[in-house]
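Structure, as structure tokens:
The values are calculated or read from the model by the stated rules, or taken from the named source; none is laboratory data. Remember, it's a predicted structure, so these values are computed and weren't measured experimentally. Cβ sites come from the backbone with ideal geometry, for glycine too, and all protein chains shown count toward neighbours.
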Amino acid sequence: MHSSEEHPSGNDVQTLAVMFPTDQSPDEWKKLCDRKQVSGPWPYALNLLGASFDVVPMVSDSLSAARLATLFARTKLNSFNILSKKASLKTVDYAFSWDETMAVRSLYSVNASRYVTGLIWVTDDLISNTNPLKSLFLRSILRQFDGIFFSSRAQLEVARRWLARESISLEWIPMGVDPAFYPYYDYPTDPFVFSMGTDKHRDPKTLARALATVLDKMPNTEMIVQTNQPHLFPRGIDAVARLDGADVRRCYARSSVIALALRPNVHVSGVTVALEGMSSGRPVVATDNPGLSDYIKDGVTGFLTPPGDSDELAVRLLEVLGNQLMGRDMGVEARTAVESKFNVQNMNKSIASFITSISLVT
């Protein structure tokens with residue numbers, strides 16, 4: 001199965017294998033797309049890579065702990081040759097994976113001349129010194145890659161020092177969302193705060209305190225928070241465990257501002273929600289973590305507040321809620337930023353350019 005996207009004419013189109021987990025396979029993702037739960041037929045609109053490559057989607061089940069241990073042992077012995085790059089027959093020119101988890105499966109499953117992957121979570125594990133064995137294993141895997149890209153500029157130097165291999169190309173590629181799936185909505189007249197996200201770098205305690213302060217100052221404000229810790233949020237805040245795609249877009253349409261409280265991290269946790277809200281024409285008030293200022297311009301498309309500071313988060317939310325003209329103008333700037341830079345078209349063009357910058361000639 002190849003991507004249906006058109007690619008440049010000619011007979012020298014390079015082949016690109018794109019690795020997906022089972023639950024995000026193109027077949028499964030298209031079902032979600034047909035129900036308008038997601039924006040496109042492939043995650044992150046990676047089908048757009050078909051404009052530059054002959055794309056071959058590949059699906060891999062997760063690797064068991066025993067299998068990972070075996071791979072790690074082979075790597076430590078310098079005998080990680082399941083599908084050696086030195087094999088005489090090359091199945092594809094490039095192998096691509098979105099994150100380090102899929103990178104392991106890509107290296108294990110795909111016979112390619114060059115391997116490229118995104119990297120997300122391991123940089124924060126390195127900084128906090130959590131999961132040292134997993135980090136050691138991933139280092140042994142990623143040092144065999146030819147190119148690694150990041151959605152956060154703050155990850156670059158952390159990864160560069162950790163990998164300590166000059167032959168690996170490293171690149172910051174801005175994240176993007178689909179501005180057609182998250183269209184611009186007219187700014188509302190009624191105050192409404194929306195927040196969502198459940199990963200381990202969200203800070204629901206700080207968010208709950210900030211929203212409680214806002215509700216005390218502006219009791220007519222409606223609030224919806226999608227969270228895995230609904231018990232933290234006081235009465236008057238609608239805390240829900242799950243929202244489907246249509247619910248999320250309705251919340252963006254009704255919202256006055258998007259609120260994101262985050263624990264310190266360098267992989268820009270929350271950036272997808274921030275960009276979806278910005279695409280909808282809404283300012284974002286978020287924790288100022290490294291790399292996030294590349295996406296949210298403080299005082300222009302939203303506000304950035306210190307980590308753990310619920311008072312400042314509340315102050316900035318109240319500032320937006322109390323000034324509809326400012327909120328609308330920030331939302332227009334936010335939408336412009338997505339249309340001009342932070343969209344899936346630009347992101348996939350940058351990914352394609354990064355991949356092709358890695359020479360196939362040894």
Test result for residue 250, outside any loop (DSSP other than H, G, I, E, B) and either closer than 30 Å to residue 114 by Cα or assigned by TED's automatic domain parsing to the domain that holds residue 36 (or both) | no
Inter-residue pairs, beta-carbon under 7 Å, first surrounded by fewer than 22 Cβ atoms within 10 Å (Cβ to Cβ) and in segment 333-354, second among the basic types (Lys, Arg) and outside any strand (DSSP E or B), 6+ apart = none
Return the only residue of 137, 145 being hydrophobic (A, V, I, L, M, F, W, C) and within 18 Å of residue 355 (Cα to Cα).
-> 145
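Okay, residues lined up against (1) in contact (Cβ under 8 Å) with a residue 40 or more places away in the chain; (2) surrounded by fewer than 23 Cβ atoms within 10 Å (Cβ to Cβ):
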| site | (1), (2) |
| --- | --- |
| 230 | no, yes |
| 236 | no, yes |
| 246 | yes, yes |
| 271 | yes, no |
| 279 | yes, no |
| 294 | yes, yes |
| 303 | no, no |
| 311 | yes, yes |
Pick out, from segment 119-234, the helices (runs of 4 or more DSSP H) lying fully within it that include 1 or more residues that are modelled with pLDDT of 95 or more, outside the structural domain of residue 273 (by TED's automatic domain parsing) and more than 20 Å from residue 334 (Cβ to Cβ).
-> 122-128, 132-142, 155-163
The one condition residue 276 fails out of (1) of a type in the set (Asp, Glu); (2) out of contact with any Ser or Thr (no Cβ under 9 Å at 6 or more places or on another chain); (3) over 30 Å from residue 99 (Cα atoms) is (3)
For residues in segment 163-205 being among the aliphatic types (A, V, I, L, M) and without any contact (Cβ under 8 Å) to a residue 24 or more places away in the chain, which is surrounded by the most Cβ atoms within 10 Å (Cβ to Cβ)?
-> 170
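Results for (1) touching a Phe, Trp or Tyr at 6+ places or on another chain (Cβ under 6 Å); (2) within 20 Å of residue 326 (Cα to Cα), shown as yes or no for each residue.
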| position | (1), (2) |
| --- | --- |
| 209 | no, no |
| 223 | no, yes |
| 239 | yes, no |
| 266 | no, no |
